[in-house]
Amino acid sequence: MNLASEQRQWNRLMDLAEIGAIPGNGVNRGALTAGDRAARRLMVGWAAEIGASVSIDEANNLWLRVEGTDSDAAPVLTSSHLDSQPKGGRFDGAYGVVAGLEVITALHKAGIVTRRPIEVVAWTNEEGSRFAPGCTGSMSWAGVHPSDYWDDVRDHNGIYYAAALAEQMAAEADLPRRPLGSKPHAYVEAHIEQGPILEAEGIDIGVVTGIQGSRWFVVSISGESAHAGTAPLSLRRDAMIEASRAILALQEAMYDPKDVLRFTVGRVSVSPNASNSVADNVTFSIDLRHPEAATLRVRGDMIAGVVQGAMRNCEWSVRETFNAKPIEFAPRVISEVERAAENAGFSHRLIPSGAFHDAQFASRVCQSGMIFVPSRAGISHNPAEYTSPSQLAKGTEVLLRTVRALAD
Ligand code: HGY
Ligand code: MN
Ligand code: MN
């Protein structure tokens with residue numbers, strides 16, 4: 001008997017999708033923005049409906065908690081994130097938070113109290129699109145870096161992370177505080193696959209085995225601004241031309257005949273960014289991923305040499321801003337997810353995650369795992385991102401069964 005409600009879950013996801021809505025059914029809800037705060041307020045309201053306690057920690061992670069019969073027992077944690085990419089979809093992150101809420105709502109309405117408490121978290125800044133890198137909330141909670149580690153990071157409007165965090169903490173002064181850091185009994189996160197495999201194979205549930213590694217870098221090329229009409233090309237120190245040469249050289253260096261390595265330059269900022277001034281600075285991002293730690297280390301460590309080799313008369317610098325090692329999820333959680341999918345009568349398969357998730361850092365703290373549901377045409381980080389109400393409901397049914405198995 002399905003305790004969770006497909007309709008209630010879908011309605012809540014659509015309510016969230018109105019916050020930061022952009023054309024094409026997309027969402028632009030940056031971390032630590034008014035949109036983020038509005039989405040969090042919806043969660044606070046829904047938590048109050050079932051008497052779940054609400055709190056925030058100093059990294060601004062939002063915690064919902066329902067007690068168990070043994071309230072001293074280490075809780076089972078389920079979670080995801082409410083922030084989105086600038087041209088994001090309605091489901092990346094939001095689904096896992098709403099699915100976790102649906103689990104505690106369904107149990108509450110059925111009068112079921114598990115032995116262990118259950119906590120649902122909305123992590124701060126999973127995407128890292130406004131403030132790089134991602135997962136700053138879950139990394140703070142997991143003790144990877146202190147929560148002020150990213151204070152000096154600025155968004156493209158020059159706003160400091162510390163200021164945006166302080167603004168959100170002040171706006172949520174009415175919410176109780178909780179200490180940063182905890183030791184759950186287990187962690188399981190529901191998320192859309194963001195890839196084409198489950199849909200292509202007609203499979204309901206992805207039992208996630210692990211997450212590949214990610215390394216982020218910022219490359220800065222510095223030259224000299226000059227007049228586009230009068231400065232001879234032979235005398236220029238043109239940061240745009242040299243950055244372009246570096247990017248193409250990096251693309252060649254990162255070539256992988258097996259197409260497993262992921263190399264992306266997604267953001268470029270130019271100064272003075274005027275059509276008739278030679279660029280004196282170009283800064284670009286690198287997102288590098290691979291399932292093997294050794295490959296990720298070797299390829300990432302090549303970047304500085306490749307950039308230097310591409311320079312003719314500009315200065316350069318390479319700074320690493322994110323380093324998430326590949327992780328394998330806990331066999332116990334993997335088997336609970338498999339068992340839940342099997343008992344629910346859903347087709348399922350083991351699948352690795354190409355996208356990073358807060359679960360990557362939760363796995364440093366406790367036994368962790370993830371549940372994937374199909375993404376239409378594998379599309380994500382795009383307004384066209386879509387998963388149907390019934391596909392989402394299947395994922396939540398598996399999450400509910402898995403959380404109960406871990407909590408009892
Ligand atoms: O970039 C990622 O892998 C995640 O979707 N933020
Ligand atoms: Mn996500
Ligand atoms: Mn994402």
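The values are calculated or read from the model by the stated rules, or taken from the named source; none is laboratory data. Just so you know, these numbers come straight off a predicted model, no measurement behind them. Every residue, glycine among them, receives a Cβ derived from its backbone with ideal geometry; neighbour counts consider all protein chains shown. These area figures cover heavy atoms from the full protein model, side chains too; ligands, DNA and RNA do not enter into them. Shrake-Rupley method; radii C 1.70, N 1.55, O 1.52, S 1.80 Å.
Taking 0.36 nm per residue of sequence separation and removing the Cα-Cα distance, the A304/R339 pair yields an extension gain of 8.0 nm.
Of all lysines in the structure, the ones whose alpha carbon falls short of 26 Å from that of K258, not counting any fewer than 8 places away in one chain, are K325. Projecting the Cα atoms of V121, M169, T105 onto the charge dipole of the stretch 41-176 (Cβ charges, centred on the Cα centre) puts T105 farthest toward the positive pole.
With the charge dipole of the chain set up from +1 on Lys and Arg Cβ and -1 on Asp and Glu Cβ about the Cα centre, the Cα lying farthest toward the positive end among the listed residues V318, S347, A48 is that of S347. The trypsin sites (Lys or Arg not before Pro) of the stretch 237-274 meeting both criteria, a DSSP state outside H, G, I, E and B (loop) and at most 16 other C-beta atoms within 10 angstrom of the site's C-beta, are K258, R267. Annotation: per residue accessible area for the stretch 250-374 equals 48 Å², rounded to a whole number [probe 1.4 Å, protein chains only]. Placing unit charges on the Cβ atoms of the charged side chains and taking the dipole of the stretch 213-324 about its Cα centre, the candidate lying farthest along the positive direction among N276, H227, Q251 is Q251.
Charges were assigned to the Cβ only: +1 to each Lys and Arg, -1 to each Asp and Glu. The resulting dipole of the stretch 296-408 about its Cα centre is roughly 140 debye. Under the criterion of Cα pairs below 8 Å and six or more residues apart, the relative contact order for the chain equals 24 percent.
Relative to the longest principal axis of the C-alpha atoms of the chain, give the angle of the C-alpha long axis of helix 94-109, reported between 0 and 90° and rounded to the nearest 10°. In the chain, helix 94-109 runs at an angle near 10 degrees to the longest axis. The apolar share of the surface of the stretch 213-324, taken as the fraction of accessible area on carbon and sulfur atoms (1.4 Å probe, ligands and nucleic acids excluded), comes to 52 percent. I'd like the distance separating the alpha-carbon centroids of the stretch 281-332 and the stretch 188-211, in whole Å. What the calculation gives is 27 Å, centre to centre.
With contacts taken as Cα pairs under 8 Å at a separation of at least 6 residues, the stretch 213-324 carries a relative contact order of 47 percent. Over the stretch 57-167, accessible surface divided per residue gives 31 Å², non-protein components excluded, 1.4 Å probe.
Which of rounded, prolate or oblate describes the chain when judged by the alpha-carbon gyration tensor and an a/c cut-off of 1.5? Prolate. Our helix-only sum for the chain, with -39,500 (n - 2.57) per DSSP H run of n ≥ 4 divided by its residues, gives a mean residue ellipticity at 222 nm of -10500 deg cm²/dmol.
Computed over the stretch 213-324, the quotient of the alpha carbon radius of gyration and 2.2 N^0.38 Å is 1.14.
Relative to the longest principal Cα axis of the chain, at what angle does helix 34-49 sit, 0 to 90 degrees, rounded to 10? Helix 34-49 sits at roughly 10 degrees to that axis.
Taking the longest Cα principal axis of the chain as reference, the axis of helix 6-17 is set at about 30 degrees.
Between the stretch 3-18 and the stretch 344-367, the alpha-carbon centres lie 22 Å apart. Placing +1 on the Cβ of every Lys and Arg and -1 on the Cβ of every Asp and Glu, with no other charges, gives the chain a dipole of roughly 220 debye about its Cα centre. Reducing the stretch 123-158 and the stretch 21-97 to their Cα centroids gives an inter-centroid distance of 16 Å.
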